[in-house]
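Single-structure report; data block below.
Values in this text are rule-based calculations from the coordinates and carry no lab data. Since we're looking at a predicted model, the values are computed, not measured. Here the Cβ positions follow ideal geometry from the backbone for every residue, glycine too, while neighbour counts run over all protein chains shown.
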Amino acid sequence: MSYEKKWADNDNINASEKKKLLKDGLRIFDDIPKYAQNGFESIPKEDWDSFKWAGLYLQRPKEAGYFMMRVNVPSGILTADQFEALAEIGKDYGRDVVDITTRQAIQFHWLTIENVPEILQRLENVGLSSAGACGDITRTIVGNPITGLDPNELFDTSEIVKEVYEFFQRNEDFSNLPRKYKMSISANIHNASNAEINCLSFTPARKEIEGEWINGFHIKVGGGLSARPFLAQPLDVFIKPEDVKATAVAITTIFRDYGYREKRVRSRLKFLVADWGVEKFKEVLEQYTGPLLTQGEDAVTKWNAGYFYGVQPQKQEGLSYVGFNVPVGRLHSNEVFELARIARKYGNGEIRTCNSQNLIIANVPNELTQSLLQEPIFERITANPNSFIGHAVSCTGIEYCNLALVETKARMTRIAHYLDEQIELDVPIRIHIVGCPNSCGQRQIADIGLQGVLMKTKDKTLVEAFELYVGGTLENGGSFNQKLKGKVHGEQVQLVLEYLLNDFKTHKFLGESYQEFFIRVGIAHIQQSLDEAIARLSEQVS
């Protein structure tokens with residue numbers, strides 16, 4: 001290797017680190033053909049986790065030998081050919097399930113080791129990769145899903161994202177990081193990439209340099225969710241677009257060489273940033289980059305949470321993009337084929353995925369938008385969704401995930417449809433559901449977050465239940481939602497939410513968002529509403 005593993009002589013590094021010293025995670029690609037030829041039983045259990053570097057996790061139950069695969073989609077940009085290749089993989093090997101994740105990636109299930117080499121080849125044939133989609137490595141880079149089309153971005157970031165992504169792809173100088181490493185790059189002024197929850201984010205900014213205003217980036221570092229969430233903090237630097245790659249490499253090198261490797265629960269970059277502070281972090285960064293420009297003017301004006309619904313004008317005259325809701329991010333292979341066909345017929349074949357688990361068809365001539373919307377597929381995948389299903393986000397849940405405690409996707413769909421039938425509001429409510437504390441569904445930034453737990457009933461049986469969190473946002477630097485006391489039985493969640501939201505409707509001001517309401521009335525008011533809802537439901541049951 002071309003770098004020194006400074007932690008190699010540390011006797012206190014964890015077991016995963018000791019294993020990575022012996023064999024780099026990306027070397028799993030060398031072993032996959034052998035395992036594919038000899039079957040799942042030939043894979044030693046100690047190698048199961050190594051498949052993460054190939055974007056593969058064993059789904060529930062692990063012993064059954066079925067894999068989940070994530071496919072990188074930098075900035076969410078896909079061609080129709082790529083979308084069709086993904087549809088074919090889902091149809092041939094994944095029982096027709098094709099999910100969009102909260103990081104714009106594509107996720108398959110039900111894959112077997114025998115078919116993985118063919119799947120990897122199909123991805124490579126269309127310029128896609130699952131390498132690094134999981135593991136202690138740079139994950140897919142989140143960006144602005146409408147970059148290049150966006151009237152609300154300072155400049156097109158697609159080539160910047162591509163350059164940085166390709167540098168880290170299969171790069172063994174950076175495939176042994178202390179933990180997963182999440183990056184976002186966006187010049188959208190509405191924070192489309194959820195900058196504050198990434199390890200490293202490049203956000204839009206302007207600076208006057210020698211009398212000329214230059215568009216570029218500010219940097220935030222140390223964000224991340226899971227059981228101990230942190231909001232990314234701004235560094236006092238301004239980065240020109242041509243310097244993004246060098247800066248990203250420098251910050252990733254700092255994480256690689258100084259990140260914690262003793263306890264995996266404290267190995268994310270967020271813990272290093274929290275301990276060092278941003279001033280020291282900048283000092284170390286400049287040892288790699290040389291002196292950096294100080295901050296300019298922040299160009300972020302508000303947060304759109306990655307939602308781009310309906311027919312919207314592009315900055316190219318005469319063209320529009322059309323944003324669609326994919327309920328909880330789940331597509332089926334026949335739908336993916338159909339979307340590729342429609343993208344070719346009405347646009348230039350380009351499809352974009354969003355971190356809100358939705359999608360966009362780009363470059364549609366204005367005169368064709370209404371014809372596009374008449375296609376039958378857009379009855380379910382609609383450009384004008386009902387409010388609750390249109391702002392519902394879900395992780396994979398117990399259906400496939402070994403870490404999850406509860407069902408999520410199907411439950412979130414039922415809850416959202418029920419609320420859309422029962423309640424009409426003048427503002428959207430973002431409800432995120434997660435099956436465990438790892439928060440792949442990003443419940444900390446939701447208006448209302450549902451986190452799955454197990455609860456004992458009166459007869460001592462364990463049932464699926466949820467803890468509720470309220471008031472999350474990434475506006476103005478962000479604040480995570482706060483936990484309400486009590487657990488809610490899984491079968492009663494939609495009724496409890498109905499009660500809470502009716503209380504919101506009764507006491508809110510016209511046009512007041514849930515976050516504004518939360519700040520004004522305080523958590524005690526919402527806690528009282530929850531207590532009343534649980535008490536009423538208990539009376540009905542008894």
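Here are the numbers for this structure:
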read-out	value
Cβ-based exposure ranking for GLU17, GLU46, GLU163, in which fewest neighbours within 10 Å come first	GLU46, GLU163, GLU17
Expected 222 nm ellipticity per residue - DSSP helices of 4 or more, -39500 (n - 2.57), all of the chain, to 500	-9500 deg cm²/dmol
Hydrodynamic radius of region 15-298 per Kirkwood, over alpha carbon pairs, in Å	19.7
q = 0.23, 0.25 Å⁻¹: log10 I(q)/I(0) that the Debye formula gives for region 366-451, counting C-alpha atoms only	-1.04, -1.12
Whole-number percent relative contact order across region 15-298, with pairs defined as alpha carbons under 8 Å at least 6 apart	14
Span-rule helices in the chain, defined as complete DSSP H runs reaching 18 Å or more along the axis (Cα) with Kyte mean at least 0.5	244-258
Simple Cβ-charge dipole of region 389-541, Lys/Arg +1 and Asp/Glu -1, about Cα centre, in debye nearest 20	480
Along each principal axis, Cα extent of region 33-118, largest first, Å	37, 23, 21
Neighbour-count ranking [beta-carbon atoms within 10 angstrom, fewest first] of ARG414, ARG256, ARG341	ARG414, ARG341, ARG256
At most 15 other Cβ within 10 Å, DSSP loop - GluC sites (Glu not before Pro), region 300-364	GLU317
Two-decimal Rg/Rh across the chain, once Rg and the Kirkwood Rh are taken from alpha-carbon atoms	0.96
Average Cα contact separation per residue, region 59-174, under 8 Å, 6 or more apart, as relative contact order %	30
Nearest-20 debye value, the chain charge dipole, Cβ charges on Lys, Arg, Asp, Glu	1480
Residue exposure sequence - TRP48, TRP53, TRP213, TRP110 - by fewest surrounding Cβ within 10 Å	TRP213, TRP48, TRP110, TRP53
Flagged links, alpha-carbon separation over 29 Å, of LYS456/LYS505; LYS62/LYS245; LYS207/LYS270; LYS162/LYS302; LYS207/LYS483	LYS456/LYS505; LYS62/LYS245; LYS207/LYS483
Loop sites in region 133-175: chymotrypsin sites (Phe, Trp or Tyr not before Pro), DSSP, at most 16 other Cβ within 10 Å	PHE155
D_trans [Stokes-Einstein, Kirkwood Rh over alpha-carbon pairs] for region 389-541, 25 °C, 0.890 mPa s, µm² s⁻¹	157
Region 291-402: Cα Rg divided by the 2.2 N^0.38 Å rule of thumb	1.26
